[in-house]
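Notes follow the structure.
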Amino acid sequence: MNPLRIVSWNMGFRRRPWHELAAMDADVALLQETCKPPADLPTHVEPETGDLWTPWKREHYNRWPRVVKLSDRVEIEWFNRVPPFSDVQPDEMAVSGIGTVAMARITPRGGEPFMAASMYARWIMPQRSVKTKWRVGMPDMAAHRIISDLAMFIGDEDPSTHRILAAGDLNMCYGTDDVPPRSLLARERTVWDRMGALGLEFLGPQTPAGRKAHPIEGASNTQNVITYHTTRQTPETARIQLDYAFASRGFHEAISVRALNGVDQWGSSDHCRILIEISE
């Protein structure tokens, strides 16, 4: 049986990646920063239906994480996003951050269903009365909101009771311990720690599953792979990793993850594609 192929990709609000995505032999896409799909997409590509900004105001919702069906080898049931009430219906997902997560139940043909989440940890600035030296926001605040929302699908300490795949753009560099005190890596590590506490294993991608990233300032080494380039860079000169995948412990043993970050395979976004294959 061929593995199920899932693509995680921050599309950078561009239209061309939709056609590149449709041309891939993949089954599901977990997307971030999407624009409206082109009208001439192949009929087998089925983006998430409904109002993408629910339950938030449309003018506040600008990141558009989506779960997209790319083949007839899977069936997808999308969860409707609702405010974070204490109790939600079976087809609903309580979402506590604007434009941070979308989720669906994926059922492979002849296979066992699992939950798949597309994550975007948006930048959030400190409250205006707070004295700060940081000129940009801190994505760990949004990431912890995502983790809280994923936790609603976990009802037992035993990770074998849930089957969750979560992937996307966390806007963080997975780092090492030998970093300067001014770094935010100590805060960002709490995201990975909390994922692990919920039984969600870190899948990378890490080397050799992609072209290796440059070390973070002050860090002696990294196993990160390149997934993002700035507007002043190209896929060839890209340096850092912002995109990652996690899966329920036990379920993760059937999953392989790699970055399609070669210069000739990057694609038309500022992020490369992350290919996730499930063999079970």
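Given the criteria of a type in the set (Phe, Trp, Tyr), assigned to a loop (DSSP other than H, G, I, E, B) and within 23 Å of residue 265 (Cβ to Cβ), does residue 85 qualify?
No; evaluated as a whole, the condition is false for this residue.
Restricting segment 241-264 to residues that are modelled with pLDDT of 95 or more and of a type in the set (S, T, N, Q), which is surrounded by the most Cβ atoms within 10 Å (Cβ to Cβ)?
Checking each candidate, the answer is 261.
Within the group 124, 146, 164, which residue is of a type in the set (A, V, I, L, M, F, W, C), surrounded by 12 or more Cβ atoms within 10 Å (Cβ to Cβ) and out of contact with any helix residue (DSSP H, G or I) (no Cβ under 8 Å at 6 or more places or on another chain)?
Step by step, each of 124, 146, 164 is checked, and only 146 is of a type in the set (A, V, I, L, M, F, W, C), surrounded by 12 or more Cβ atoms within 10 Å (Cβ to Cβ) and out of contact with any helix residue (DSSP H, G or I) (no Cβ under 8 Å at 6 or more places or on another chain).
So, in segment 45-96, of the ones that are at pLDDT 80 or above and of a type in the set (Lys, Arg), which residue ends up farthest from the chain's Cα centre (by Cα)?
73
Spot the failing condition for residue 120; the list is (1) of a type in the set (Phe, Trp, Tyr); (2) modelled with pLDDT under 85; (3) within 23 Å of residue 189 (Cα to Cα), and only one is missed.
(2)
Specify which of the listed residues (145, 122) is of a type in the set (D, E, K, R), assigned to a loop (DSSP other than H, G, I, E, B) and closer than 27 Å to residue 33 by Cβ.
122
On the basis of being assigned to a strand (DSSP E or B), buried (at least 19 other Cβ atoms within 10 Å of the Cβ), aliphatic (A, V, I, L, M) and within 19 Å of the chain's Cα centre (by Cα), does residue 116 make the cut?
Against the criterion (assigned to a strand (DSSP E or B), buried (at least 19 other Cβ atoms within 10 Å of the Cβ), aliphatic (A, V, I, L, M) and within 19 Å of the chain's Cα centre (by Cα)), residue 116 qualifies.
Please verify whether segment 5-22 includes one or more residues that are modelled with pLDDT under 75, surrounded by fewer than 19 Cβ atoms within 10 Å (Cβ to Cβ) and not basic (Lys, Arg).
Within segment 5-22 (the criterion being modelled with pLDDT under 75, surrounded by fewer than 19 Cβ atoms within 10 Å (Cβ to Cβ) and not basic (Lys, Arg)), the answer is no, since none of the residues qualifies.
The values are calculated or read from the model by the stated rules, or taken from the named source; none is laboratory data. Computed from a predicted structure; not experimentally measured. Using ideal geometry, Cβ is built from the backbone for each residue, glycine included, and neighbour counts are taken over all protein chains shown.
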